[in-house]
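In what follows, a structure is listed as structure tokens, so that the remarks can point back to it.
Read-outs throughout are calculated quantities, based only on the coordinates presented, and are distinct from any laboratory measurement. This one's a predicted model, so the numbers in the text were calculated from it and none came from an experiment. Here the Cβ positions follow ideal geometry from the backbone for every residue, glycine too, while neighbour counts run over all protein chains shown.
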Amino acid sequence: FYFVTLYIIVDKEKSTVYNAKSQGKRGMKMTVKLIMVLIVLARAVYTDLATGKIENKLLLASVIPGIALDYYMGGVSLVFMGLKMAVIMIGALFILFILKGLGAGDIKLLSVIGIFLPEQVVSITVAAFIIAGVLSVLRMLLRAVKKEQVFVKGETMHFSLSILFGVCVVAVMTTGLG
């Protein structure tokens with residue numbers, strides 16, 4: 001599925017799905033990577049909302065196309081940069097997993113995004129945390145207005161949704177898609 005999508009996007013430049021001629025080579029690379037990340041995120045958000053978990057098979061299946069895309073677009077140096085950012089994301093966010101502040105699936109999802117978008121993954125992560133904080137405050141304010149219990153012990157948030165919004169915000173800010 002992912003390889004077929006990659007083939008369609010990269011080899012059919014005149015397709016209505018994607019036309020990178022107006023963006024130049026850098027824009028094309030970023031747009032292809034962004035489309036791939038959005039495909040992975042769409043499935044991750046769906047399964048997270050439906051089951052409360054992000055599938056390991058989705059994340060594992062995303063690594064190979066991410067590495068292949070990095071190699072195709074930037075050679076071995078971009079592959080190593082992507083893998084380095086994936087490891088950095090796991091290492092940096094592991095403490096939040098230990099403290100039960102972030103799920104393992106969310107950390108693995110951010111590491112996969114690190115493979116696809118190594119230069120933007122830190123900004124995406126920061127944006128996702130800001131968005132999650134804003135959504136949490138809005139949820140608490142809404143409950144306060146409704147005179148409901150503001151804080152519910154044990155309640156969780158689907159952080160994959162914040163990651164999706166973070167990717168969108170960073171994409172608009174860095175590629176001018178907006």
| request: Could you tally the net charge around MET81, taking each other residue with its Cβ under 12 Å from the Cβ of MET81, Lys/Arg +1 and Asp/Glu -1? | output: -1
| said: Distance cut-off 24 Å, Cα to Cα: go down the list LYS84/LYS108; LYS53/LYS147; LYS53/LYS146; LYS100/LYS153; LYS33/LYS57 and report the pairs above it. | reply: LYS53/LYS147; LYS53/LYS146
| Considering the dipole of the range 45-131 built from charges on the beta carbon (Lys and Arg +1, Asp and Glu -1) around the Cα centre, which of ILE95, MET85, VAL122 is farthest to its positive end? | ILE95
| query | What is the local net charge at GLY91, summed over the other residues whose Cβ is closer than 13 Å to its Cβ (Lys, Arg +1; Asp, Glu -1)? | reply | +2
| note | Once phi for every residue in the range 43-51 is put through the Karplus expression 6.51 cos²θ - 1.76 cosθ + 1.60 (θ = phi - 60°), the whole-Hz ³J(HN,Hα) values, with Gly and Pro written as x, are 5, 5, 5, 4, 5, 5, 5, 6, 10
| Given a Förster distance of 30 angstrom, what is the FRET efficiency for PHE97 paired with ILE64, based on the Cβ-Cβ distance and rounded to 0.05? | 0.80
